[in-house]
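The values are calculated or read from the model by the stated rules, or taken from the named source; none is laboratory data. A quick note: this is a predicted structure, and the numbers were derived from the prediction, not measured. Quick reminder, even Gly has a Cβ in these numbers, built from the backbone with ideal geometry, and neighbours come from all protein chains shown. The area values use the complete protein model at the heavy-atom level, side chains included, leaving out ligands, DNA and RNA. Shrake-Rupley method; radii C 1.70, N 1.55, O 1.52, S 1.80 Å.
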Amino acid sequence: MPELPEMEAWRRALDDPVSAFPIVKAGPAHVATLKTFDPPLSTLEGRRLAGAERRAKRLLFPTDDGELVILVHLMTAGRLKFLQFGERGPKTPAFRLVFEGGSQLVLTEAGAKKRAGVWLLTPEEAEQELAHLGPEALGIDAERLAEICAAESRRLHSMLRDQRVIAGIGRAWANEILHHAQLSPYALSGDLVPAQVQRLAEAIDAELSRGLELRERGAADNRVYRVHRKLAEPCYVCGTPIARVDYEEHTVYYCPDCQTSGRVLKDRRLSKLLK
């Protein structure tokens, strides 16, 4: 799933193009992708977008009259692309906006399952839709993070991925951040001492900033990730092979030397930590 660095890179790339011309055609949209029906998409036609905004892993496109907001959640396989006039795009995108002059904003989604979503909302409805999200991960300071860690008392990898607690981090960047901070993914947030909280705050900022810079330059996953999906490859810090813990919905990658004092973490389903 695209996370904060990927979504912010897309936001920056889309901000100017989507606001350049009025919308002449809104839709069609896949029945599973469009999550609202009132107002209809046709209400957008003739309006101009004010640009692109982001909240956590979601993109928002407000109209310049302040009356409507398009909210997009890409989930795992959704992708947004801006097509210039004459540029070939998908025949049947999950969602499409056509602008005056022929440029298009299209949403595609790989695979049979359609999980990405598009909502057309009022600003108040959009605010309510996003009200459950925690503070933005990028720029969070050690003081605020200490409050969160003390209140949660849960495993760090799980806490970082919880959008209600900290918004914008998913499984991939949780792996990168915890390695940078030299903290075990299984460490309990409530057990962290101030120096560890400081390291974690610095790692969140450093890794998300690094990821954003690389994504803006068009870097692929294999260049962006240094721990995530690097099973058995040497740790870029110490050379120890990267290990992993498999769950049904995600995989944790970590360095046993840098993060767990040489211990190998066992799958939580077996409820133990190998000594």
Query raised in the report: Which residue, PRO39, PRO62, PRO135, has the most motion in a Gaussian network model of the chain that connects Cα atoms within less than 10 Å?
Result: PRO39
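Based on the alpha-carbon gyration tensor of the stretch 89-138, what equivalent-ellipsoid semi-axes (square roots of 5 times the eigenvalues) come out, in whole Å, largest first?
On the way: eigenvalues 140, 56, 26 Å².
Working through the eigenvalues yields semi-axes of 26, 17, 11 Å.
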Report summary line: Rh_Kirkwood(the stretch 1-126) over Cα pairs, Å, one decimal, evaluates to 14.3
**Report entry** GNM result for the chain, Cα springs below 10 Å: residue of ARG223, ARG54, ARG154 fluctuating most strongly
**Finding:** ARG223
Query raised in the report: Can you work out ³J(HN,Hα) from phi for every residue in the stretch 227-244, in order, using Karplus 6.51 cos²θ - 1.76 cosθ + 1.60 and θ = phi - 60°, giving whole Hz and x for Gly and Pro?
Result: 10, 4, 6, 10, 3, 6, 7, x, 4, 5, 9, 10, x, 5, x, 5, 10, 8
Report task. Once you have the Cα-Cα distance between ARG217 and ALA150, take 0.36 nm times their residue separation minus that, and quote the gain in nm to one decimal. Result -> 20.4 nm
Requested in this report: Translational diffusion coefficient, Stokes-Einstein: compute it for the chain using the Kirkwood radius over C-alpha pairs as Rh, at 4 °C and 1.567 mPa s, and state it as an integer in µm² s⁻¹.
Outcome: 64
Requested in this report: Which order do the peptides 91-98, 24-31 take when ranked by the mean count of other beta-carbon atoms within 10 Å per residue, highest first?
Outcome: 91-98, 24-31
Report summary line: When the chain is treated as a Gaussian network with springs between alpha carbons less than 10 Å apart, the largest mean-square fluctuation among GLU249, GLU176, GLU233 is found at GLU249
Query - Interchain or long-range residues, amide H under 5 Å from THR36's placed H - result: LEU120
Report task. Calculate I(q)/I(0) for the stretch 167-275 by the Debye formula, one identical point scatterer on each C-alpha and no solvent, and give its log10 at q = 0.12, 0.15 Å⁻¹ to two decimals. Result -> -0.41, -0.64
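What is the dipole size for the stretch 181-244, taken about its Cα centre, with +1 at each Lys and Arg Cβ and -1 at each Asp and Glu Cβ, in debye to the nearest 20?
Working: 9 positive and 8 negative charges, 56 e Å.
Its charge dipole is roughly 260 debye.
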Query raised in the report: Any idea how far the Cα center of the stretch 45-100 sits from the one of the stretch 145-184, in Å?
Result: 30
Query raised in the report: At q = 0.15, 0.19, 0.21, 0.34 Å⁻¹, what is the log10 ratio I(q)/I(0) for the stretch 207-252, with the Debye formula run over Cα points and no solvent?
Result: -0.47, -0.71, -0.81, -1.10
Report summary line: So for the stretch 1-69, using the alpha carbon gyration tensor with a ≥ b ≥ c as root eigenvalues (a/c under 1.5 gives rounded; past that, a/b versus b/c decides prolate or oblate), I'd call it oblate
Requested in this report: Enter the accessible area per residue of the chain (Å², integer; probe 1.4 Å; all protein chains in place).
Outcome: 49
Query - Residue-wise HN-Hα coupling along the stretch 129-137, computed from phi with Karplus coefficients 6.51, -1.76, 1.60 (Hz; x: Gly, Pro) - result: 4, 9, 5, 7, 6, x, x, 4, 5
Report summary line: Of the listed pairs LYS81/LYS114; LYS81/LYS266; LYS35/LYS91; LYS57/LYS114, those with alpha carbons more than 29 Å apart are LYS81/LYS266
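Rounded to the nearest 500 deg cm²/dmol, what is the calculated helix-only ellipticity per residue at 222 nm for the chain, with -39500 (n - 2.57) per DSSP H run of length n ≥ 4? Present the calculation step by step, with values, prior to reporting the outcome.
On the way: 8 runs with 81 residues, N = 275.
About -8500 deg cm²/dmol.
If you average the sequence gap of Cα pairs under 8 Å that are 6 or more apart and divide by the length of the stretch 127-186, what percent do you get for the contact order? Kindly include the intermediate steps, with their values, before the conclusion.
Details: 53 pairs, mean separation 21.4, N = 60.
In percent, rounded to a whole number, it is 36.
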Query raised in the report: What residue among VAL224, LEU145, LEU83 has its Cα farthest toward the positive end of the dipole of the chain, where the charges are +1 on Lys, Arg and -1 on Asp, Glu, each on the Cβ?
Result: VAL224
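Normalise the Cα radius of gyration of the stretch 60-181 by 2.2 N^0.38 Å (N = residues in it) and let me know the number. List each step's numbers first, then the result.
Working: Rg = 18.1 Å, N = 122, 2.2 N^0.38 = 13.7 Å.
With N residues counted in the stretch 60-181, Rg over 2.2 N^0.38 Å equals 1.33.
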Query raised in the report: Near the amide H of LEU265, under 5 Å away, which other amide H atoms are found, from residues 5 or more places off or on another chain, if H is placed in the peptide plane?
Result: none
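How many percent of the accessible area of the chain is carbon or sulfur, using a 1.4 Å probe?
Numbers: 6550 of 13390 Å².
Of all accessible area on the chain, carbon and sulfur atoms account for 49 percent.
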Report summary line: Under 5 Å from the placed amide H of HIS228, counting only residues 5+ away or on other chains, we find GLU176
Query raised in the report: Residue by residue, what Karplus-based ³J(HN,Hα) values in Hz, rounded to whole numbers, does the stretch 154-171 have, using 6.51, -1.76 and 1.60 with θ = phi - 60° and x for Gly and Pro?
Result: 9, 4, 4, 4, 5, 5, 5, 8, 7, 5, 6, 9, 9, 9, x, 9, x, 5
Query - Over the chain, relative contact order from alpha-carbon pairs under 8 Å, at least 6 apart, % - result: 16
Query raised in the report: Where the only charges are on Cβ atoms (+1 Lys, Arg; -1 Asp, Glu), what is the dipole of the chain about its Cα centre, to the nearest 20 debye?
Result: 1340
